[in-house]
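Undergrad: I'd like to ask some things about the structure below.
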Amino acid sequence: MKPVRNPLVAIVFWMVIGLLYLPLLNLIMQAFLVDPRNIGSGFSTIWLRKLFASDAFWRPLVTSIEIGVLAATTAVAVATFGAVGLSRVRSTLPPAVQTLILLPILLPEVITGLSLLIFFLLIRVELGFFTVVLAHASFSASFVYFILVEQLRKLDPQMEEAAQDLGARGSQIFWKVTFPNIIPGLMGGWLLAFTLSFDDFLISFFTSGAGLTTLPLKIYSMMRIGISPELNALSFVMICISFSLVITLLSKEQGREWVLKSS
């Protein structure tokens with residue numbers, strides 16, 4: 001069957017691509033202009049050098065990385081035990097449970113952030129570093145869960161049955177049979193959770209409290225003063241970090257599919 005070639009489809013496709021990426025390309029160009037208001041002013045790395053020399057940039061960057069690492073690790077741990085545990089009772093698992101797990105993905109982030117803020121205030125937990133970590137972990141655990149569920153579905157159940165017949169206990173089956181086979185899913189889920197945490201603004205805005213500034217919150221505070229060349233450079237750095245994480249995630253997924261096809 002020949003593919004349908006419709007010029008209108010191609011035009012709409014490239015219009016959407018342009019709408020998505022032309023603003024990013026313009027932002028990247030602005031980060032390297034000597035004078036962002038004048039295209040003919042020439043290109044330079046002066047704003048990036050000023051940004052990297054500023055302590056006001058490094059502190060939010062390190063904070064975002066620390067929060068992302070802890071949140072991603074927590075989300076992967078929770079999602080792993082949840083996916084493995086629920087997969088063993090798949091036949092009796094109510095659809096309502098799957099809906100509850102999917103709900104954090106479907107809810108708007110502003111609702112999620114507001115509900116977490118009210119919850120932390122209700123239990124009288126001081127807003128700060130660990131509330132942001134818990135908020136990011138609870139939000140991204142749903143994404144990791146569905147990645148691991150798909151990974152577990154591809155496993156041959158006879159492997160666990162054979163290990164059980166040989167006398168392996170439940171913990172031994174998990175660590176020696178299940179865990180090694182879901183490592184690609186764990187790595188992909190961890191990278192996705194870290195990316196979601198690193199780029200998040202709304203949930204961080206509601207749960208960070210006073211005195212804690214992540215990189216997205218820093219960008220927001222700088223925008224309230226006015227768009228400056230340092231803000232363009234900071235946005236460029238965030239684009240590079242996010243793009244690198246996405247490329248790493250996609251390359252690992254493609255590598256895993258290539259291994260599966262060749263095996």
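Undergrad: Using the Karplus curve 6.51 cos²θ - 1.76 cosθ + 1.60 with θ = phi - 60°, what ³J(HN,Hα) values do you get for each residue of the range 62-71, in whole Hz, with x for Gly and Pro?
TA: Once θ is set to phi - 60°, the couplings for the range 62-71 become 5, 4, 5, 5, 4, 5, x, 5, 5, 5 Hz.
Undergrad: Let me ask something additional. Using amide H atoms built 1.01 Å from N in the peptide plane, name the residues 5+ places from residue 209, or on other chains, whose amide H lies under 5 Å from its own.
TA: none
Undergrad: Restricting to DSSP loop positions (anything but H, G, I, E, B) with no more than 16 other Cβ atoms inside 10 Å of their own Cβ, which trypsin sites (Lys or Arg not before Pro) remain in the range 32-79?
TA: Hits after loop and neighbour filter: 37.
Undergrad: Which of the peptides 107-118, 132-143 is most tightly packed, and how do the rest follow, going by the mean number of other Cβ atoms within 10 Å of each residue?
TA: Numbers: 107-118: 15.3, 132-143: 23.6.
Result, highest mean Cβ count within 10 Å first: 132-143, 107-118.
Undergrad: Dividing the convex hull volume of the alpha carbon atoms of the range 103-159 by its residue count, what do you get in Å³ per residue?
TA: 106
Undergrad: Continuing with the same structure: Report, by chain and number, residues whose modeled amide H sits under 5 Å from the one on residue 33, excluding near sequence neighbours (fewer than 5 apart, same chain).
TA: 44
Read the figures in this text as sums done on the coordinates, not as results from a lab. Just so we're clear, the structure is a prediction, and the values are computed from it rather than from any experiment. We place every Cβ from the backbone using ideal geometry, glycine too, and count neighbours over all the protein chains shown.
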